[in-house]
Amino acid sequence: ETFKQLIGETREPLPPRPGAVERYDHAYVRNGTASLFPACEPLQGWRHVEVTEHRRRTDWAGFIRSLLEGRYREAEKLVLIMDQLNTHSPASLYEAFPPEEAKRLADRLEIHHTPKHGSWLNMAEIELSALGRQCLSRRIARADTLARHVASWQEQRNAAAPQITWQFTTQDARIKLRSLYPSPQP
């Protein structure tokens, strides 16, 4: 997940002219932040980003429940590959929902964490990078505007359905991350 600062203008930006980009004043109004929770299926070319007001355990739990009860309602297990953020655990489900519901949701998850300082191994980071470059690289003043921009980006990206072809092999991991992936003994 990531966040986006909500930045408003103190003066209206000058419109772009032919051959020139739109110009902004250096002064701005800070309107808080919004959190973005991404999910992607790298081989299907599908991604989903949810915009929330906060980055709390309960927000992550709500996002996971929406995946389990939405797109993956028929799936027995949902495999999650995530960084080791403190909110990314079944404990968040128990904080957000009654114990029976939290257990029902947690039983349908298979969680794998990327190594510390290994977020580059997380394919969602690739999608966050694309989102940042293609959608978030300008000032956005309000959360509802951000949600509309993200939904539009998501719709276009899903229509194009670019796949992530992961080429980092176990052999590569054993070289680059030898302390985490010891070589098998002969």
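Laid out as a table, the results:
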quantity: Count of the range 79-94 residues which are in contact (Cβ under 8 Å) with a residue 24 or more places away in the chain and either surrounded by 15 or more Cβ atoms within 10 Å (Cβ to Cβ) or in a strand (DSSP E or B) (or both); calculated: 9
quantity: Pair list, Cβ under 8 Å, 6 or more apart: the range 160-186 residue over 27 Å from G45 (Cα atoms) and modelled with pLDDT under 80, other residue among the small types (G, A, S) and part of a loop (DSSP other than H, G, I, E, B); calculated: R174/S183; L177/G118
quantity: Residue ID - modelled with the lowest pLDDT, chosen from residues in the range 1-19 that are open to solvent by 80 Å² or more (accessible area, probe 1.4 Å) and in a strand (DSSP E or B); calculated: L14
quantity: Answer from A124, A141, A147 - the residue that is open to solvent by less than 90 Å² (accessible area, probe 1.4 Å), part of a loop (DSSP other than H, G, I, E, B), closer than 19 Å to S35 by Cβ and in contact with a strand residue (DSSP E or B) (Cβ under 6 Å, 6 or more places away or on another chain); calculated: A141
quantity: Test for A61: is it outside any strand (DSSP E or B) and open to solvent by less than 20 Å² (accessible area, probe 1.4 Å); calculated: yes
quantity: Those residues of the range 36-77 which are closer than 20 Å to T145 by Cβ, of a type in the set (A, V, I, L, M, F, W, C) and in contact (Cβ under 8 Å) with a residue 60 or more places away in the chain, in sequence order; calculated: L36, V49, V51
quantity: Within the range 150-171, tally of residues that are open to solvent by 80 Å² or more (accessible area, probe 1.4 Å) and among the aliphatic types (A, V, I, L, M); calculated: 1
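The values are calculated or read from the model by the stated rules, or taken from the named source; none is laboratory data. Note that the coordinates shown come from a computational prediction; the quantities given were computed from them, not determined experimentally. Positions of Cβ are generated from backbone atoms using ideal geometry, with glycine treated the same way; all protein chains shown enter the neighbour counts. Keep in mind that these areas ignore ligands, DNA and RNA; they rest on the heavy atoms of the full protein, side chains included. Shrake-Rupley method; radii C 1.70, N 1.55, O 1.52, S 1.80 Å.
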